[in-house]
Structures are given as C-alpha cells and as structure tokens.
1. Pick from the range 177-198 the residues that are under 27 Å from the mean Cα position of the chain (by Cα) and exposed (fewer than 15 other Cβ atoms within 10 Å of the Cβ): which of them is modelled with the lowest pLDDT?
2. How many residues, within the range 140-159, are open to solvent by less than 30 Å² (accessible area, probe 1.4 Å) and not hydrophobic (A, V, I, L, M, F, W, C)?
3. Taking interchain pairs and intrachain pairs at least six residues apart, which have beta carbon atoms under 9 angstrom, with the first residue in the range 170-182 and closer than 15 Å to Asn144 by Cα and part of a helix (DSSP H, G or I) and the second of a type in the set (Asp, Glu) and open to solvent by less than 50 Å² (accessible area, probe 1.4 Å)?
4. Checking Leu11 against (1) farther than 30 Å from Tyr139 by Cα; (2) open to solvent by less than 70 Å² (accessible area, probe 1.4 Å); (3) in contact with a Lys or Arg (Cβ under 9 Å, 6 or more places away or on another chain); (4) at pLDDT below 90, only one condition comes out false. Which one?
5. Where the second residue is not in a strand (DSSP E or B) and the first is on the phi > 0 side of the Ramachandran plot and lies in the range 66-84, which pairs have Cβ atoms under 7 Å and are six or more apart or on separate chains?
6. State the number of residues belonging to the range 77-100 that are surrounded by fewer than 15 Cβ atoms within 10 Å (Cβ to Cβ) and not in a strand (DSSP E or B).
7. Output the residues belonging to the range 115-139 that are modelled with pLDDT under 80, open to solvent by 80 Å² or more (accessible area, probe 1.4 Å) and not β-branched (Val, Ile, Thr).
8. So is Lys167 modelled with pLDDT under 85, open to solvent by 100 Å² or more (accessible area, probe 1.4 Å) and in contact with a Phe, Trp or Tyr (Cβ under 8 Å, 6 or more places away or on another chain) or not?
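The values are calculated or read from the model by the stated rules, or taken from the named source; none is laboratory data. None of these values were measured; they are calculated from a predicted model. Glycine also receives a Cβ, built like all others from the backbone with ideal geometry; neighbour counts cover every protein chain displayed. Remember, those area values only see protein heavy atoms, side chains included, never the ligands or the DNA or RNA. Shrake-Rupley method; radii C 1.70, N 1.55, O 1.52, S 1.80 Å.
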Amino acid sequence: MKHLLSSSAFLVLNKELARQIGLKESVLLADLISKEEYFIANGMTDGWFFNTEANIEQDTTLTPFQQRKCLKTLKKHQIVETKRRGVPAKQYFKINEQLVVKFLNNLSLTKCTTINKNKVITIHNKYFNKPTTFEVQDYCKLRNNNIDAEAFIDFYESKGWMVGKNKMKGWRACIRTWEMRAKNKKTYAPKSMSKLDAQINEWQKAKELL
C-alpha cells in the first residue's frame, strides 16, 4: 500500500503550463523532473541524467513517438536539453531549472485577478523576463521583419536589458521599434542616425568582424 502513496507514484502537473505547452509535454517534463531528483539523491552533480524511452513509456504511457514530439516542444522552449553519450549510447537529459522557474513566474504572474468590493480587478505584473532566441525568432518571423534575433539578444544583453536609462518593460515593443527604424531608413534614407541607430549599427559591424 505504501508505494501507492509515495511521491514517486505521482506526477505533479502545473495546469497553466499544460495549457501553454501541452498536456503530454507537461507530463513528460514532470516525469523527467522526478527522474532528475532521483539522480541528484544518488550523487549526480552536473545536471545530466539518463532515461530510456521504454522507462518513460512505463511511467507515463507516452509512446516513443509521442515522447520525441514532446521533447521537440520542450527543447524549442529551451526547457530541456538532450545529448547521447556512452557506449552503448544512452539518451541524457538536462533540465534548465532557471528557465522553468521564469516560465512559470511569467505564466502565473503576468496577469492575475483579485476581487475587491464585489468587482474583479485585473493585476498586470511588471516583472520582465528576458526572451529566448526562439521567442524572438518566432515573433520576427510572425511580423516578417528580417530582424536578426541573435543580434537583438546580444545587443540588449550587452546593455543589461536597459532602454536608455530605464529597464526594458517589453521586448516585443523594442522589436517593433527596430522594425520601424529599419523601414524609416529605407523610406527616408536619413542623413543622420539617432543614438540608438548608431549603437545598433556599430554592434552589427562588430559582430560581422567576429
């Protein structure tokens, strides 16, 4: 009876995370986290642990095909890394704990509601999360603006994610600003560049020399 009530007999899922990345993906992540805890308890220190498709299927009922599909999504969000090593080769996993925490914080705190005097009030959280390269690439692809996602990330990383003297509040708004400036350059061909344009231009030139 004890094994039915042990922590290893259950998978803990975050409902909002399941809505955002998918139920099967959340099940796989929960199983990997459980496996990671086992290896940490047994001396694992570098963050990498192995698991097999057969073992995951036994624990989650996810078929190998479903597992690979879920892993593709988790890797896209940079939540999980994988690699094969050893003889014979085994599949190793590493969970990006910091990104998981930020992802969950962003989901749970970006928009909250509370009730005051029988009125539902929406609370918008101002906590800023740095975007991943994949997020910037997806947004730029959606807007078809040809902005270099890596150049955008590198530029603001070097600035400490500051816009002027203020902390960045929304990276998508910054991308739209870059987009607008690029269009203005082509349309009006201004003789002089703004300070931001000059900084971006110098950054791109420096990147080409690397």
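1. Going through the qualifying residues, I end up with Met180.
2. So the count comes out to 2.
3. What qualifies is Arg181/Asp197.
4. Here Leu11 clears every test but (3).
5. Listed by first residue and then by second, the contacts come to Gln78/Asn96; Gln78/Leu99; Gln78/Thr132; Gln78/Phe134.
6. 6
7. Asn116, Lys117, Asn118, Lys119, His124, Lys126, Tyr127, listed by residue number.
8. In short, yes.
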